[in-house]
Amino acid sequence: MPCTAPGSPAPAAVLCGLAGWVPPRVVTNDDLAERLDTDDTWIRTRTGIHRRHVIEPGQATSDLAVEAGRRVLRSAGCDTVDAVLVTTTTPDRPCPATAPAVAARLGLEGVAAFDVGAVCTGFVYGLATASGLIASGVAERVLLIGADTYSTIVDPLDRANAIIFGDGAGAVVLRAGDADEAGAIGHFDLGSDGAHEDLITVAAGGSRQRSAPGEVSNEDRYFAMRGKEVYRHAVTRMADSARTTLSKAGWKIDDVEHFVPHQANLRILHSVADDLGLPRERCVSHVASVGNTGAASIPLALADAVAQQMIRPGGRVLLTAFGGGLTWGSCLLTWPVLPPVHPYDQGEETAS
Ligand code: UT7
């Protein structure tokens, strides 16, 4: 393990690789309308979502995480890392964590590996955790993967939620570096409000309500969200968190060239941008093509924007997330020169 020389500043976590992956199977709004009382126009107008990708039966979150992890390690030219963090709301099992299996399948046996749970804020919490490991000298390189398969926990007959979510994984490699170099992740704001834990929940399957056969209603086994209330919290919490982070860094809203929020719903993203006084064109969104992919949404949106050369080296980027818990968080970075970034290409790698 690396260690920091006494008296020298703590190293910063610097982004040095990015990749995303979504499963090949596409579900369009029209596909959903065949089995649900909904239609393409309602979904597009209320959410901005046109389609999403879902896993095949038998696949699990770790399968997506491994795909994204393999791509990012190859692109960053990394044979090994000191820690693997998987952030997810849909682990392969309640026990053990998903990260050790992902590390082993990536050929990273023996490294520290654990899951970070903060629902859709997981990726920003994961960045903060990775930054802490690097700053403390516990790790010099960290692989952080946001991966979720909401198709495994959303009731396929629940029209309010089945239309929103998609499956996917996004991954980054972070290395020890200097706080003032491009790619250094900094000025975090993290928060939570557990008084509203019931707004987004899977009621059964944990220690409060086990999933014993015959004892659990279908409703309690599935993901539940009080959409309207969540919507209001999402806008307020993300805007406030973004402002707090900007003020910690001494950035003005005009300094933000690319705002990359958790891809919850296009209307939410635009409301946050409006609240911040940020032109909507600076708000990165790919919710139309993948839906809300939970902890994967920010790295997937970044991979897409970088592959399309919307985000370029030197661009100032603000990441902001919100999710169940409730949880929220933001951080900033100046975009570094990265090896070719793979978008969510569902198959063969395509360099840009
Ligand atoms: O990632 C974690 C954070 N998650 C979020 O941020 C999601 C936050 N919430 C949302 O994105 C939105 O609240 C939803 C997309 C879930 C719902 O949109 P909404 O504009 O808030 O709709 P609503 O829940 O107020 O429902 C309006 C109407 C209702 O009918 P009535 O009661 O007015 O007759 C719903 O039953 O739309 C109905 N409805 C639908 N209609 C057609 C709900 N879902 C659908 C549907 N298709 N899929």
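The values are calculated or read from the model by the stated rules, or taken from the named source; none is laboratory data. Everything numeric in this text was worked out from a predicted model, so none of it was measured. In this analysis, Cβ positions are derived from the backbone assuming ideal geometry, glycine residues included, and neighbour counts consider all displayed protein chains. Remember, those area values only see protein heavy atoms, side chains included, never the ligands or the DNA or RNA. Shrake-Rupley method; radii C 1.70, N 1.55, O 1.52, S 1.80 Å.
Residues that are farther than 23 Å from VAL341 by Cβ, among the hydrophobic types (A, V, I, L, M, F, W, C) and not in a loop (DSSP other than H, G, I, E, B) do occur in segment 189-198.
A single member of ALA169, ALA179, ALA147, ALA160 is more than 13 Å from the ligand (Cβ to nearest atom) and either surrounded by fewer than 17 Cβ atoms within 10 Å (Cβ to Cβ) or outside any strand (DSSP E or B) (or both), and it is ALA179. Among the residues of segment 30-60, those identified as within 16 Å of the ligand (Cβ to nearest atom) and not charged (D, E, K, R) are LEU32, ALA33, LEU36, THR38, THR41, TRP42, ILE43, THR45, THR47, GLY48, ILE49, HIS50. Scanning segment 84-100 for residues that are surrounded by fewer than 24 Cβ atoms within 10 Å (Cβ to Cβ) and within 25 Å of VAL14 (Cα to Cα) turns up just one, PRO100. The residues of segment 199-232 that are within 16 Å of the ligand (Cβ to nearest atom) and assigned to a loop (DSSP other than H, G, I, E, B), listed by number, are TYR222, ARG226.
Looking only at segment 113-144, which residues are in a helix (DSSP H, G or I), within 16 Å of the ligand (Cβ to nearest atom) and open to solvent by 10 Å² or more (accessible area, probe 1.4 Å)? The answer is VAL119, CYS120, TYR125. If you go through segment 287-307 one residue at a time, do you hit one that is modelled with pLDDT of 95 or more and either among the aromatic types (Phe, Trp, Tyr) or farther than 21 Å from GLY168 by Cα (or both)? No, segment 287-307 contains no residue that is modelled with pLDDT of 95 or more and either among the aromatic types (Phe, Trp, Tyr) or farther than 21 Å from GLY168 by Cα (or both). Tell me, yes or no, whether segment 233-252 has at least one residue that is in contact with a Cys (Cβ under 8 Å, 6 or more places away or on another chain) and either more than 10 Å from the ligand (Cβ to nearest atom) or in contact (Cβ under 8 Å) with a residue 40 or more places away in the chain (or both). Yes - at least one qualifying residue is present in segment 233-252.
Consider segment 212-235 and keep the residues that are hydroxyl-bearing (Ser, Thr, Tyr) and surrounded by 15 or more Cβ atoms within 10 Å (Cβ to Cβ). The one that is farthest from ARG312 (Cα to Cα) is TYR222.
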